[in-house]
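Novice: Provided herewith is a single structure, encoded as structure tokens, for subsequent inquiry.
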Amino acid sequence: RLDDKARLPWLVDQDAEGRTRVFGLTLGKTSLGEIRALFGEEGEINLFAHLDGERQASAYRVEAYFEQIYLNRLRADFVFTLLADQATLAQMYEHGLRISQVGSGAKKVKLDPADLEVLADLPIASITYLPWKSLDAAIIEKRFGPPREKRLEPEKGISHWLYPDKGMDLAMDKKGGVVIQYVNPGEFASLVAPLERGEGTPN
């Protein structure tokens, strides 16, 4: 059940070990099970397999999606990636009940219930926060402070406000739609890499 703790997207800091803390959650520490207990929902769990040039699965990622969660009266969707080694995820891929193709070319796998139980104990690696309310630049700067750097994806009209010390990339479109990604500061290069390649934020 949700509590009265301040769980706001701009309250971002790091713990003594340098791990990002936001929404009262700590990357690399808070487990999926703890998030389920907090939100009161199981979430939708999917494994994604990215394919190499020979159409063989070469990288795996498991995500937990929670829709229409209210924290401190702010409504948003959440996507959590879980901290899991590739060998474990490769085994889960082989046990998958159903595999479908997604737009990026990756494969989405519906996991076996036994594997889903294992995931509950895994810590979260990153958070993608998708607020339902549009925000303008002035409000964002007031709440989050000025970014270290701004980058523009001109083809998509998306502006990225980068906060490497917080492990945060705030992407905003021309209509005020916002997507915020949080990682540990040591992993911040993984957020910037797609921008360097001109791909935008990871899907």
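The values are calculated or read from the model by the stated rules, or taken from the named source; none is laboratory data. Computed from a prediction, not measured in an experiment: that's the story for all the values here. Note that we place each Cβ from the backbone using ideal geometry, even for glycine, and neighbour counts take in every protein chain shown. Only protein heavy atoms, including side chains, enter the accessible area calculation; ligands, DNA and RNA are left aside. Shrake-Rupley method; radii C 1.70, N 1.55, O 1.52, S 1.80 Å.
Novice: Can you name the residue in the stretch 58-86 that is within 16 Å of L122 (Cβ to Cβ) and open to solvent by 70 Å² or more (accessible area, probe 1.4 Å) and is also modelled with the highest pLDDT among such residues?
Specialist: Residue satisfying both the conditions and the ranking: Y65.
Novice: Just for the stretch 159-200: of the residues that are crowded, with 17+ Cβ neighbours inside 10 Å and at pLDDT below 90, which one is nearest to G18 (Cα to Cα)?
Specialist: If we take residues in the stretch 159-200 being crowded, with 17+ Cβ neighbours inside 10 Å and at pLDDT below 90, then L191 is nearest to G18 (Cα to Cα).
Novice: I'm checking my understanding of the structure. Among residues of the stretch 4-18 that are in contact with a Pro (Cβ under 9 Å, 6 or more places away or on another chain) and part of a loop (DSSP other than H, G, I, E, B), which one is least open to solvent (accessible area, probe 1.4 Å)?
Specialist: The extreme case among them is P9.
Novice: Determine the pairs where a residue that is within 14 Å of L11 (Cα to Cα) and open to solvent by 30 Å² or more (accessible area, probe 1.4 Å), located within the stretch 140-151, has a partner that is aromatic (F, W, Y) and part of a loop (DSSP other than H, G, I, E, B) with Cβ atoms under 6 Å apart, the partner being 6 or more residues away or on another chain.
Specialist: Hits for this filter: R143/W10.
Novice: Residues in the stretch 127-139: is at least one modelled with pLDDT of 90 or more, within 16 Å of the chain's Cα centre (by Cα) and over 29 Å from T88 (Cα atoms)?
Specialist: Looking for residues that are modelled with pLDDT of 90 or more, within 16 Å of the chain's Cα centre (by Cα) and over 29 Å from T88 (Cα atoms), one finds at least one in the stretch 127-139, hence yes.
Novice: Collect the residues in the stretch 18-43 that are closer than 19 Å to Y163 by Cβ and charged (D, E, K, R), keeping them in residue-number order.
Specialist: Scanning the stretch 18-43 gives R19, R21.
Novice: Being open to solvent by 40 Å² or more (accessible area, probe 1.4 Å) and small (G, A, S) is the filter here; which residues of the stretch 117-139 pass it?
Specialist: S134, A137, A138
Novice: What number of residues in the stretch 22-34 are surrounded by fewer than 18 Cβ atoms within 10 Å (Cβ to Cβ) and either assigned to a helix (DSSP H, G or I) or free of Cβ contacts under 8 Å to residues at least 12 places away in the same chain (or both)?
Specialist: 2
Novice: In this structure, is V102 β-branched (V, I, T) and closer than 23 Å to D13 by Cα?
Specialist: For V102, the condition - β-branched (V, I, T) and closer than 23 Å to D13 by Cα - is not met.
Novice: Among what's in the stretch 4-57 and is in contact with a helix residue (DSSP H, G or I) (Cβ under 8 Å, 6 or more places away or on another chain) and at pLDDT below 90, pick the residue that is farthest from A76 (Cα to Cα).
Specialist: Applying the filter and picking the extreme gives A57.
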